[in-house]
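Report on the structure given below.
Read the figures in this text as sums done on the coordinates, not as results from a lab. Everything numeric in this text was worked out from a predicted model, so none of it was measured. Positions of Cβ are generated from backbone atoms using ideal geometry, with glycine treated the same way; all protein chains shown enter the neighbour counts.
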Amino acid sequence: MKLSVAEQTETDWPDVWSVLEPAFRAGESYPLPRDVSEADAKTYWIKTDGYNAIARDDTGGIVGVYSLRPDQGGPGDHICNAGYVIAEAARGRGYAVALCRHSQEQALAMGFRGMKFNLVVASNTAAIAAWQKAGMAIIGTVPRAFRHPHLGLVDAHIMFRRLDG
């Protein structure tokens, strides 16, 4: 698996949206309205105080994206938050683990000392397994925190990994 990860540019947005839109419309993992507009999705995904990445395989095809930003401000700004979406056709090939590890290296280079995921839907078992393989640990569970479109109310995990040793 050859993977090329680069900082997302403005011209990458159509490719990024092609990955995000199916995940957002499915409503199974992100806390956004399923009918979120492209403009609102772009505002949600891209933050000026963060880092956005796009990953391509050896053919140049987009396989996934991630967004990295401070989880909090002020005295909590040394902990980052990240979100990932793997293209539907690229799932099950280890890209999620690779992107998570890349984002951890990027976060450390940006001065973050820890990474926290605030809402990992418990029914998203593939993502949980990938994040755990990348060193993330479940540190808490919020009962019935996510309204899944098919399963109803499901739990959501908070996951964390210390990055500085």
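For the chain, adding -39500 (n - 2.57) for each run of n ≥ 4 DSSP H residues and dividing by the number of residues yields -8500 deg cm²/dmol at 222 nm. In units of the rule-of-thumb radius 2.2 N^0.38 Å, the chain shows an alpha carbon radius of gyration of 0.98. Of the residues ALA126, GLY61, ALA82, the one whose Cα sits farthest toward the positive end of the charge dipole of the chain, with +1 on the Cβ of Lys and Arg and -1 on the Cβ of Asp and Glu, is ALA126. Summing +1 for each Lys or Arg and -1 for each Asp or Glu among the other residues whose beta-carbon sits under 14 angstrom from that of GLN8 gives 0. Counting only lysines at least 8 places from LYS133 when in the same chain, those with an alpha carbon closer than 24 Å to its own are LYS2, LYS116.
Excluding ASN52 itself, calculate the net charge of residues whose Cβ lies under 10 Å from the Cβ of ASN52, where each Lys or Arg counts +1 and each Asp or Glu counts -1. Around ASN52, the charge tally is 0. Can you compute the charge dipole magnitude of the chain about its Cα centre, using +1 on each Lys and Arg Cβ and -1 on each Asp and Glu Cβ, nothing else charged? Give it in debye, rounded to the nearest 20. Dipole size: approximately 600 debye.
Using alpha-carbon pairs under 8 Å, 6+ residues apart, how would you state the relative contact order of the stretch 4-162 in percent? Dividing the mean separation by the residue count of the stretch 4-162 yields 18 percent. When the Cα gyration tensor is reduced to axis lengths a ≥ b ≥ c, the ratio a/c is 1.5 or higher for the stretch 93-132, and with a/b not above b/c it is classed as oblate. Counting only aspartates and glutamates at least 8 places from LYS42 when in the same chain, those with an alpha carbon closer than 15 Å to its own are GLU10, ASP12, ASP15, GLU21.
How much net charge surrounds GLY114 when only the other residues with a Cβ under 12 Å from the Cβ of GLY114 are counted, with Lys and Arg +1 and Asp and Glu -1?
On the way: positive: ARG113, LYS116, ARG161, ARG162; negative: ASP71, ASP77, ASP164.
Computed value for this residue: +1.
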